[in-house]
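Single-structure report; data block below.
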Amino acid sequence: MIRLLERLGVPRVLMLGFLAVAIFMTGDGFELTFLSKFMVDQGFTSSQASLLVTVYGLFAAAGGWSAGMLAEMFGARRVMMFGACWWIGIHLLFLGVAIPSRIYPLILGLYALRGIGYPLFIYSFVVLMAQHISPSRLASATGFFWTCFSLGIGVFGAYLPSFIMPVFGEYRTFWFALPFSIVGTIMCLLFVPKNKVVKGEGLSRKEQLKELAEGATILVTNRKILICAIIRIINNLLLYGFPVIMPLYLCTTHNGGINIFKTEEWMRIWGFVFVVTLIFNTFWGWFMDRFGWVWPMRWFGCAVLAVGSVAFYYIPQWFGANALMMIVASIIVGIGTCAFSSLPTIMTLYAGEGKQGAALSAYNLAAGLTTFAGPGVATILLPVIGYGGVCWTYAALYVLAFVLTLFIRPRQPGFDEHGHRIAKAKNGTAPQDDAVPAVNTVSEESIGVGVAAAEAV
């Protein structure tokens, strides 16, 4: 197993860190599939339920934006520990104070604040990945990172509550998240290595703030990175939008819901999305490193997800309470969601030397914004155009992402300027392209993200 992971580009020093991500995200994902229904059952409106997740996503975006640069300036493990402890502390207040009070502003505020924690934990780890892994293998390793993320937030985070909730009830199920988050935090403390480079050492406070701001300003100064960031936001719309609207559509009669599945049945159906991602996150990373970074994203990501967006709405209309057909739709969504593994590598290449940390922060910001945009679309449009209209809106956004992929053409190591693989020479090695420097070594001088080929872009 260790050798297999090393072939995927995962160094031994990071392996237990990947496991810590999976365990911590199991705790973070416990309420994802049933929180909106729980809120409606407590007497709140569907708009209030979706707004809760929307504002959570906005704060998660802030955490994601700051994670990359904070990890580079102060050390990834330190920022991961802060994010984990923040999450645990706010979760205790959310469960022990906010929910029992039934005061919506208090519930909204504490849940939003909790959203800062998990991006600091997981996206700081991405900085360590970029420092320890060659850019020629980074897409493969990123695919494995998202596999661990999916294993936590989607597989265990969906299936475990589906068995716990019928026994203990929805509110008590929230508490079962804590042991996983605590174990993930302890593993981070014990097994996650320190940065190879800590950029913030020797910088004044003003210089540190300037570095942090670059994670957002690079979106204004670099059009290619802005395009990649928009694609990244669209990438996971369904992953965060459907857990808000589908429990209401499939399990209630609220706002025109059809109420044909039990909540735990829906949770297990949605869990198949993440079961599929366990395979395809790693597969797409491996595939893209060998056959191209962009075209799989275009066809197997954007196009497939456009189909999956509307499949979830129409399959129950056409086939009724057919769990097997819903699982097929989940598989479609899972395959498409994974086909964006190359985006962080592309963004660091487009950033150029000395700006890769800012590019990773922009990537993390976009990843956080998708947790805001997915439920945000539902919050705004659900009262106006209903569940079907929201699903078609998601599909239209994936078509937009499809078009945007036509404008990114990164110079991938081992490929020519047209995106065609360079044929191997007789000695078994690819001929060197004068425009593309070697990428098999990690440059610690370039603030630790290890993209030696950035000058070629």
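Listed values, structure above:
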{"read-out": "Ranked by how many other beta carbons lie within 10 Å on average, peptides 70-77, 396-403 from highest", "value": "70-77, 396-403"}
{"read-out": "Per-residue SASA entry for Tyr240, accessible area with 1.4 Å probe, Å² rounded to 10", "value": "20 Å²"}
{"read-out": "Contact order normalised by residue count of segment 327-407, Cα under 8 Å, 6+ apart, percent", "value": "13 percent"}
{"read-out": "Cα-projected label distance for Met15 with Ile380, points at 7 Å along beta-carbon direction, nm", "value": "4.6 nm"}
{"read-out": "Helix 157-168 vs. the chain, principal-axis angle (Cα, 0 to 90°, nearest 10)", "value": "20 degrees"}
{"read-out": "Selection from Pro383, Gly109, Gly27 lying farthest towards where the dipole of the chain points positive, charges on Cβ", "value": "Gly27"}
{"read-out": "Ranked by how many other beta carbons lie within 10 Å on average, peptides 356-367, 271-282 from highest", "value": "356-367, 271-282"}
{"read-out": "Under the Karplus curve 6.51 cos²θ - 1.76 cosθ + 1.60, θ = phi - 60°, whole-Hz ³J(HN,Hα) for segment 56-63, x wherever Gly or Pro sits", "value": "3, x, 5, 5, 5, 4, 5, x"}
{"read-out": "Orientation-averaged projected area, Cα convex hull of the chain (nm²)", "value": "21.1 nm²"}
{"read-out": "Solvent-accessible heavy-atom area per residue, rounded to whole Å², over segment 325-421 at 1.4 Å", "value": "31 Å²"}
{"read-out": "In degrees, nearest ten, helix 138-150 long axis to first principal axis of the chain (Cα)", "value": "20 degrees"}
{"read-out": "Point-to-point label distance, Ile260-Ile2, nm (Cα→Cβ direction, 7 Å offset)", "value": "5.1 nm"}
{"read-out": "Solvent-accessible area, 1.4 Å probe, carbon plus sulfur percent, for the chain", "value": "67 percent"}
{"read-out": "Per-residue SASA entry for Glu353, accessible area with 1.4 Å probe, Å² rounded to 10", "value": "80 Å²"}
{"read-out": "Segment 249-394 - convex hull of alpha carbons, volume per residue in Å³", "value": "118 Å³"}
{"read-out": "Phi-based couplings in Hz for segment 322-335 (Karplus 6.51, -1.76, 1.60; Gly and Pro marked x)", "value": "9, 4, 4, 5, 5, 5, 4, 4, 5, 5, 4, 5, x, 4"}
{"read-out": "Long-range HN-HN contacts of Phe415 with modeled amide H, under 5 Å", "value": "Ile422"}
{"read-out": "Between segment 242-280 and segment 55-124, the Cα center-to-center distance that results, in Å", "value": "25 Å"}
{"read-out": "For segment 1-88, accessible area per residue (1.4 Å probe, heavy atoms of protein chains only), Å²", "value": "34 Å²"}
{"read-out": "Long-range Cα-Cα pairs in segment 340-421 (distance over 16 Å), rounded percent", "value": "65 percent"}
{"read-out": "Descending semi-axes in whole angstrom, ellipsoid equivalent of segment 6-152, from the Cα gyration tensor", "value": "32, 15, 12"}
{"read-out": "Distance (nanometres) between label positions extended 7 Å along Cα→Cβ at Thr45 and Ala213", "value": "3.9 nm"}
{"read-out": "Between helix 356-404 and the chain: long-axis angle, C-alpha atoms, 0 to 90°, nearest 10", "value": "30 degrees"}
{"read-out": "Segment 151-298, accessible area per residue, ligands and nucleic acids excluded (1.4 Å, Å²)", "value": "42 Å²"}
{"read-out": "Order by protection proxy (mean Cβ within 10 Å, highest first), peptides 224-230, 319-325", "value": "224-230, 319-325"}
{"read-out": "For segment 70-172: rounded, prolate or oblate by the Cα gyration tensor [a/c cutoff 1.5]", "value": "oblate"}
{"read-out": "Equivalent-ellipsoid semi-axes of segment 1-49, from the Cα gyration tensor, Å, largest first", "value": "40, 9, 7"}
{"read-out": "Residue-wise HN-Hα coupling along segment 95-106, computed from phi with Karplus coefficients 6.51, -1.76, 1.60 (Hz; x: Gly, Pro)", "value": "7, x, 10, 5, 4, x, 6, 6, 8, 4, x, 5"}
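The values are calculated or read from the model by the stated rules, or taken from the named source; none is laboratory data. Only a predicted model underlies this, so the values are computations on that prediction, with no experimental measurement involved. Cβ coordinates were reconstructed from backbone atoms using ideal geometry, including for glycine residues, and neighbour counts include every protein chain displayed. Accessible surface areas use protein heavy atoms only, side chains included; no ligands, DNA or RNA. Shrake-Rupley method; radii C 1.70, N 1.55, O 1.52, S 1.80 Å.
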